[in-house]
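Just so it is clear, none of the values below were taken in a lab; they were calculated from the coordinates. Since this is a predicted model, take the numbers as computed values, not measurements. Cβ placement follows ideal geometry from the backbone for every residue including glycine, while neighbour counts extend to all protein chains displayed.
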Amino acid sequence: MIYDQSEIERLYLSSNQLTQIPPALCGLINLRVLKLENNKLTQVPPEIGKLTRLIALDLSDNILKSIPIEIERLTKLLTLDLSNNQFDRVPKWLDKMIEFIKNKNK
């Protein structure tokens, strides 16, 4: 099973018709790149905040309406793609995080 592979650094699960992120995936603490675009995700589990080594997270082209505040824990992110979802509004904390990422990429 994939979750026993604690050394995985990159995981590409794009275009797999996923409707949820298995919470056990958030146990892959060495992940640096996680691509989940073009699925059918409706939510992101708060456990995503455990992936503190992530530098790239792509959740674009899903049907997300919100994003958990635990994303703030991902302080090494250089890329965060949330485009083409169904957000009602962008939380203020996410605006601050996006600005933080922009500054790191200068």
Practice problem: Please go through the stretch 10-39 and pick out each residue that is charged (D, E, K, R) and surrounded by 13 or more Cβ atoms within 10 Å (Cβ to Cβ). | Solution: ARG32, LYS35, GLU37
Quiz prompt | the stretch 76-103: number of residues that are surrounded by 12 or more Cβ atoms within 10 Å (Cβ to Cβ), over 17 Å from VAL44 (Cα atoms) and out of contact with any strand residue (DSSP E or B) (no Cβ under 8 Å at 6 or more places or on another chain) | solution = 2
